[in-house]
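First comes the structure, then the notes that go with it.
Coordinate-derived values only; no laboratory data. Keep in mind the model is a prediction, meaning the values are calculated, not measured. Don't worry about glycine lacking a Cβ; one is built from the backbone with ideal geometry, like all the others, and counts go over all protein chains shown.
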Amino acid sequence: MIVRVGVIGLVLLTAAVLQTSLLPFLALSGFRPDLLLLITIAFALTDGLLSGLRIAFVAGVLTDLLLSASPVGLTALVFLGVAYAVGTARPYLAPDSGTASILLAIGGTAMGVAGYGMLAAMLADDPISLGLVVQATLVSAIYAAFLAPLVTAMVRGLSRQFPTEQGGIA
Amino acid sequence: MYNRRRARALLAMLVVSALVLVTVDFRSDGTEGEGPLGALRGLASTVLGPIQEGLSTLVSPIGDGISSFTGLFDARGENQQLRAQLESLEERNLSYEDVLREDAELRALLEMRERNDFTTVAAQVIASGPSNFEWTITLSVGSDAGVRRDMPVVSGDGLVGRVIQTTPDTSRVLLAIDPNFRAATLHGASGEAGTLQGDGGSPMIFRPLDPEIELDVGDEIVTSSYSNGVFPAGIPIGTVSSADRDAGLLTRVVEVRPFVDFTRLNTVLVVIHAPERELPGLEIDPNEPFTPPDVDPNAPQLPDAPSETPTDGASPDGTEPTDEPTTSAAGAG
């Protein structure tokens, strides 16, 4: 269990570094993929609700610590909502379905990015425009469709190597 | 069923924890490095900074290749816009005088730029912000190198942003395209003041104080030293890309295309010190004798000088009124 926690922590840290160092080069019209959100979705889909929620909280706080303008905890709230939605939908999906994972990645990313955009728009001094939220949601969702198979395969491999003690919630 | 209840309990606990974090961060204003969460942010930057710096050096050539490929998607739109600009320029039928005037203005701007004698620190861009709604970069220099909050950051092309957070080894910069970024600016050609705000994407928003100002596509927008001098005057920001005027609006919104390509920032300069421009002093000859103005003490009193006595009968200094007629100051001599 400790090894699993350590490995997942390392994965999240690596994702955070990639998110801030490499993925900005992939930006389309200034928007880029949200790797930490994708990893959260993949864990919620592979390991179930409990594991998904825990990872969502850690990934969200990690993202918040790398941000400056928004308060710590805001991204964690959004990630928790996405992980809960994906984890709840999981029992109704065919296990190991590639299409389902891609569709959930697209839907979850759209929900997460749009949710964060709306929360930020409510809390920010200079509100983010609706057009900006829509653009970011679309671009992130498109990127999610391309990255989902890779991220899900990695998380499934990790989950097989370091399984949860109780398994996911079916 | 037991597990589902457990999941809901965990969700509730984590949501409450997140809300507590949000509240604590709001109250302590953690963005400035104050409070426990500000310190945690600094710690995250300190720990991840060296890794990001190493990775940035490693992936920079790969990233340049990738961004060249993704830039193709933007190229078509930019091409159409440039064609439209070319057509509008051809239609303008510029006169010789107009070209001379524009030349003089551009020379003045260029001279102003060259006069800036900045003290700067060079920095490598080691990371970008992780969110799609916050446009920030992390630099490889921090407070140990003299970088402080609110210092301007420039590249060879123009204004990049301002420092919003520092640790000993790294600093975070809010890019000029972030919606939270604001700067006092000037329309280069006319000197008309206004404010500039980021809008997330490439074009920024310039709001001139005078909405009736004459603006043309291609006009340059530069920083102004208003707003307590956060930015030195004369740093180029971008050119006007859309100067349409909406009738009936009290404020005018002008799109500005930045000179800086924010997706390809590698090395920037943090302006540690910008010399203040001194106004030329008054030239007074100290040897010139003082000659008082000619005043004739016997000059006749003005005939109808207005009385300063209040109409309610009280004298200006609050004393009781007398029966003597009041005199004006002009006739007191």
Quiz item: Which whole number gives the average count of other chain Cβ atoms within 10 Å of the Cβ atoms across peptide B:121-130?
Solution: 5
Quiz item: Taking amide H positions as placed 1.01 Å from N in the peptide plane, with prolines and chain starts having none, which residues 5 or more places from residue B:127, or on another chain, fall under 5 Å of its amide H?
Solution: B:138
Quiz item: For B:18-28, what's the mean count of beta carbons from other chains sitting within 10 Å of each residue's beta carbon?
Solution: 5
Practice problem: Normalising by the residue count of chain A, find the relative contact order in percent from Cα pairs under 8 Å and 6+ residues apart. | Solution: 30
Quiz item: For residue B:189, which sequence-distant residues (separation of 5 or more, or a different chain) have an amide H within less than 5 Å of its own amide H, given hydrogens modelled in the peptide plane?
Solution: B:220
Self-check item: Rule-of-thumb Rg ratio for the stretch A:1-147 [Cα; 2.2 N^0.38 Å; N residues]
Solution: 1.00
Quiz prompt | residue B:242 long-range amide H proximity, modeled H, under 5 Å | solution = B:255
Quiz prompt | Residue among A:111, A:154, A:122 with the largest mean-square fluctuation in a Gaussian network model of chain A, springs linking Cα atoms under 10 Å | solution = A:122
Quiz item: If each residue's Cβ is checked for other Cβ atoms within 10 Å, how do B:169, B:144 rank with the fewest at the top?
Solution: B:144, B:169
Quiz item: Which three extents, in whole angstrom, do the alpha-carbon atoms of the stretch B:138-201 cover along their principal axes, largest first?
Solution: 41, 21, 18
Quiz prompt | Vicinal HN-Hα couplings computed from phi for the stretch B:253-261 (Karplus, 6.51 cos²θ - 1.76 cosθ + 1.60; Hz; Gly/Pro x) | solution = 10, 10, 7, 10, 8, x, 5, 7, 8
Exercise. Within 10 Å of each Cβ in peptide A:43-50, how many partner chain Cβ atoms are there on average? Round it to a whole number, please.
Key: 2
Exercise. Apply the Kirkwood formula to the stretch A:88-129: the hydrodynamic radius equals the inverse of the mean of 1/r over all pairs of different alpha-carbon atoms; give it in Å with one decimal.
Key: 12.0
Quiz prompt | Inter-probe distance in nm under a simple model that places probes 7 Å from Cα toward Cβ, at residue A:161 and residue B:120 | solution = 4.5
Quiz item: Where does each of B:221, A:2, A:106, A:128 land when they are ranked from fewest to most other beta-carbon atoms within 10 angstrom?
Solution: A:2, A:106, A:128, B:221
